1. I need the peptides 319-329, 393-403, 451-461 ranked by packing, meaning the mean over residues of other C-beta atoms within 10 angstrom, with the highest value on top.
2. For the full complex of protein chains and a 1.4 angstrom probe, list 581, 436 by accessible area with the highest value first.
3. In whole percent, what relative contact order does the chain give with Cα contacts below 8 Å and a gap of six or more residues?
4. Please give the length that would be gained between residue 629 and residue 649 if that part of the chain were fully extended, namely 0.36 nm times their separation in residues minus their C-alpha to C-alpha distance (nm, one decimal).
5. Along the Cα→Cβ direction, 7 angstrom out, place labels at residue 458 and residue 384. What is the inter-label distance in nm?
6. Pairing the Cα long axis of helix 182-198 with the longest principal axis of the chain, what angle in degrees results, from 0 to 90 and rounded to the nearest 10?
7. So how much slack lies between residue 500 and residue 620, counting 0.36 nm per residue of separation and subtracting their Cα-Cα distance, in nm?
8. State the label only: which of [x] 30.3, 99; [y] 28.6, 96; [z] 24.8, 74 corresponds to Rg and Dmax of the Cα atoms in Å computed from the shown model?
Amino acid sequence: MSPTSMDDRRNAPVVEFHDLSLSYGRTIGIERLTLALPPRKLIGLIGPDGVGKSTLLSLITGAHAMQKGELHVLGGDMRSAEHRSRICPKIAYMPQGLGKNLYFTLTVEENLQFFARLFGQDAQERRRRIDRLTRSTGLYRFLDRPAGKLSGGMKQKLGLCCSLIHDPDLLVLDEPTTGVDPLARRQFWDLIDNIKKEQPDLSVIVATAYMDEAQRFDWLIAMGDGHILDTRTPEELLKKTATPNLDAAFIKLLPEEKRAGHHELIVPPLETDGEISIEAENLTKRFGDFTAVDHVNFKIRRGEIFGFLGSNGCGKTTTMRMLTGLQPATEGVAKLFGRPIDGESLETRKHLGYMTQLFSLYNELTVRQNLELYARLYDIAPEEIPGRVEAMLERFELTGVADRLPSQLPLGIKQRMSLAAAVIHSPQILILDEPTSGVDPVARDSFWELIIEISRSDKVTVFITTHFMNEAARCDRISLMHAGRSLACDTPEALIAARSAATLEEARQLLLKQGTAEGPNVMYFETGQGSELSSNAHFDTDQVTMEARCYGFAKRFSPFLVNTVVGFIGPEYLYDARQVTRAGLEDHFMGKLTGISMGCDCCYTNHMKADQNDIENLASLLTMAGCNYFMGIPHGDDIMLNYQTTGFRETAALREITGKTAIPEFQRWLEK
C-alpha cells in the first residue's frame, strides 16, 4: 500500500452516515441524519433525553438493526454482517446507566477477567492489562470489592476499564456521567484525556446532557427531536451563537417554537420573617461501623431555597430521609417548625412534599388521574379535589395533556407533572432530589421558574439537591457535603468570595481539598538505608535489596514523593561520609529504576565521620544525577533530632549553579 493511500485511510471518517433514520413504531428516534465524524477526536453528542443520542449510538455500535439510510463505521458498511463481525471487536460500548455493562455480584477483578477472556487474552496479558487499567483509575485497591458495592463514580470507572480491556479503535460512551457528582465527573474526563494521550489513534464518541463537560470536547453535535441542530467545535458554537456558555448556545440553536418565551432567569431576593422551617442539630446516622451522616447542623428559613450539594455517597439522601421522617437518626435531632420530626405522624407528612429523582408516578394513569390519586393519598376533602386538580393543571401548564398517559410525554412535562403531584396538598416544605436531570436547558429554566414562584409567592421552603452548578448558584444558600459532613453552609456568593474563587465549582473544589488527604499523589514515604539493620529486621539480606523492597511497596500507592533520609539511621551500616554518599546515589538510582518520584535528605548524625562539606558534595552529585527534591531546614541544623542536613541556601545555590528552577507553585511564593 502506498504512503498516500495509507494516509487517506488513516484520515477517513471514523463514522459516516447519510439519510440515516430509525423509528420505534410511530415514534421517531432519528430522522434523515447526514454527517461524517473525523477520526482521533473526542466527539460529543449534546442534548437532553429523548432527542436521539442513544439511538444514533446504538446504530454506530451495531447494537440496533438499521432501518433506513447508509452508515459506515471504521471504513465499512454496517449493513454487511461480515463487516460487523470484523469491526465490532474494535468497538467498545459503554451503555447508559451506572454500571450497566457490569455484573454486580462479581468483584472488580472478576469483571475485568471476564471481559478480558471474551477477547481471548492469556493469563499474563490479562494480568498486565488489568493492573495497568486499575492503577490508572484508582481501582487497584478495590480489586476484591463486588461491583455492586462501588460508588457511582467508581462503577463508571470500572465500566470504562471493562470497555478498554482490548485496546479498541472506537470508544462509545452513552451518558457515562449521568447521576455522577461533579468531582467524579471531572475525574472521569481527566481519565479519558489521559487515555487519549496514551492511545492517540483512539476515536471517542460521547453522549451527554451536561453542557459544562461538553466544553472540553474536540467536536460537538447538538441534537434536538431526532435532528442535528448544528455541529462544530465548542469555541465555534459559542462564536456563532454569541453566547457565554454552551447552555445558552444550545438554547439559541433550538427552533423558535421551542425557545419562545424563554428569558434570563432572575431570582428575587428572599423576604422572610426569620421563622425556621427545618433545623438539624448534630444530625448523625450510622449503619453499623459506617457513619453516613456525621453531626450535621443547619437552619433553613421559611420560603428559602436551600441547595444540598455533594458527591454520590456523601450523605445527602440519608440526610433527606431523616428530614422527612423516613429514617430515624442515630444521634441528634431533626425539627420541622421547631418540633422534632415524627416519621409515623400523618400530620408531619402533610407538611412535606417530596419529588424523587426518578419519575415515580403511574404510567397506567393519565396526568389528571395521577393528580387525583395523590390528592386522595394526602387526605384532601373529596369535594375539594376537582378544584385542586384543575388549579394544578393550569398552574403547571398541564391542561393540554391532562388526559394523556405520562409515557407519551416529554421528560420536561413529566417533571412538571411530578412537581404538581408533590405540591397538590399545599405543603410548607418541598424536597426535590435532582429534579432536572436529563432535562434540556429551556425546560430546566421553566422548571426553576416554578420553584422560584413556589418559594417566593407561596412561602414554601424548598430543599433541593442538584449536580448543576448554575442551578446551585440560584439557591439562597447551599450546604456542601463531603464524607457525611457539611464542609460549609452559606450563600453561593459568600462561598466564592471566602475562597477567592472565580466560580462556585472552583470554590467547591477548594473546599474538598481543604484539610483532607484525598485525591491523587498525596502519599509521602520516608525511608533510608540502615533502617532495617538498625532494627535487626533484615534477616541477613543486603541493605540495597531491602531498600528496593521499600520502593516497590511505596510504588503501589502512586506516591507524591519517596524521600530517602540517607544518613539519619543505621550506625552499624553507614559510618562515614563515603558510605553516606554511596547510599544516597544508590537510592536515587533505584528510584529512577522503579519509576517513582524520589527525593533525598542529605544528612548525617554525630556518630559518623562526616561534616557539612561531605553533605554538600552529595547534594551536588545528586543534583547532577537528576534529583529534584532536597530536605532543607534553617542553617542545616536540626537541634531537636541532633542531626545536620542541607539548608535553604544550599538549595538556592544549587539551582543557580545548575540553571534549574523551583516548581511553579514554590517559585510564585518566592517571588511574593
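1. 319-329, 451-461, 393-403
2. Accessible-area ranking of 581, 436, largest first: 581, 436.
3. 9 percent
4. On the way: separation 20, 0.36 × 20 = 7.20 nm, distance 1.40 nm.
That pair, residue 629 and residue 649, stretches by 5.8 nm at full extension.
5. So the two model labels end up 1.3 nm from each other.
6. Roughly 60 degrees between the two axes.
7. Working: separation 120, 0.36 × 120 = 43.20 nm, distance 4.01 nm.
Stretched fully, the residue 500-residue 620 segment lengthens by 39.2 nm.
8. [x]
The values are calculated or read from the model by the stated rules, or taken from the named source; none is laboratory data. It should be emphasised that the depicted structure is a prediction, and the values quoted were computed from it without experimental measurement. Every residue, glycine as well, gets a Cβ built from its backbone with ideal geometry; the counts of neighbours run over all protein chains shown. Please note that ligands, DNA and RNA were not included when accessible areas were found on the heavy atoms of the full protein model with its side chains. Shrake-Rupley method; radii C 1.70, N 1.55, O 1.52, S 1.80 Å.
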